[in-house]
Amino acid sequence: MKYLIVANWKCNPVTLKEAESIFQKTEKGIKDVKNVETIICPPFIYLSKIVSEKSGIKIGGQDCYSQEKGAFTGEMSPNMLKEIGCQYVIIGHSERRKYQKETDKMINEKIKAALKAGLRPILCIDNIDQIKKDTDGLSQSDINSLAIAYEPIWAIGTGKACGISEAKEMNLAIKEISGKSASILYGGSVSSQNAQEYIKEAGFNGLLVGGASLKPEEFIEIIKIVDSI
Ligand code: PEP
């Protein structure tokens, strides 16, 4: 199975021109990569501009709503993401839990809606308790189809990545409760300096990269390092 590397651009960059430039540079830099599935999750507004069926890069949303359609001003349904060419969607990122006050119940409903729409959810968690609540009522085969990103809150955007033995312990604990076939990713201050350790030593199936994914050279380097493992 290929390693998954997910770019979370968050609320960046400010212009479409920059977004296109980051995307194109990344696309060019990884054209010979074979063992990594690269997924870029830009702000919604850029999705339709950068999506391309010919690209080696897959596209995902950074969030979705729990309903297919209706009177929900400002929301983006998973069906809309699917329709525009997304295959993935990040759900339950700690920044949404914090700033948008997303609860485990809301996240659980979003996961169910995303699966129903045919998207693969990338569930972000910082502890085991969250996985249990967020996947409540899902069948084992649905849980198997998830990508679950272990993202310790204190490691996100701080430059303080999680220690390898602690990350490995969490990886094993997540695999234990998710039935072993979900893809487990590490996220939190990933760089070209530490990417290899999370895959090779801590045994993760991939990485979720925030800040470094906006710097094409660094992001390409991370992908190439993982590709060569
Ligand atoms: C993230 O956005 O989930 C993230 C891990 O960010 P960073 O890589 O910047 O810590």
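The values are calculated or read from the model by the stated rules, or taken from the named source; none is laboratory data. From a predicted model like this one, the values you see are computed outputs, not experimental measurements. Cβ: placed from backbone, ideal geometry, glycine included. Neighbour counts: every protein chain shown. Please note that ligands, DNA and RNA were not included when accessible areas were found on the heavy atoms of the full protein model with its side chains. Shrake-Rupley method; radii C 1.70, N 1.55, O 1.52, S 1.80 Å.
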Picked from region 1-11 (must be open to solvent by less than 60 Å² (accessible area, probe 1.4 Å) and either touching a Ser or Thr at 6+ places or on another chain (Cβ under 8 Å) or not basic (Lys, Arg) (or both)), the residue farthest from LEU214 (Cα to Cα) is TYR3
Does SER94 qualify as being away from the ligand (no atom under 14 Å from the Cβ) and within 15 Å of the chain's Cα centre (by Cα)?
no
Of the residues in region 166-189, those that are assigned to a helix (DSSP H, G or I), touching a helix residue (DSSP H, G or I) at 6+ places or on another chain (Cβ under 7 Å) and open to solvent by less than 40 Å² (accessible area, probe 1.4 Å) come to ALA167, ALA173, ILE174, SER178
Scanning region 15-64 residue by residue, those buried (at least 19 other Cβ atoms within 10 Å of the Cβ), touching a Gly at 6+ places or on another chain (Cβ under 8 Å) and within 22 Å of ARG96 (Cβ to Cβ) turn out to be ILE39, ILE40, CYS41, LEU47, ILE59
Residue hits (region 114-134; part of a helix (DSSP H, G or I), open to solvent by 20 Å² or more (accessible area, probe 1.4 Å) and either among the small types (Gly, Ala, Ser) or within 15 Å of the ligand (Cβ to nearest atom) (or both)) are GLN130
For CYS162, the lone unmet condition from (1) open to solvent by 50 Å² or more (accessible area, probe 1.4 Å); (2) in contact with a helix residue (DSSP H, G or I) (Cβ under 9 Å, 6 or more places away or on another chain) is (1)
### Message
Is it the case, given these coordinates, that TYR88 is within 26 Å of ASP129 (Cα to Cα) and touching a strand residue (DSSP E or B) at 6+ places or on another chain (Cβ under 7 Å)?
### Response
yes
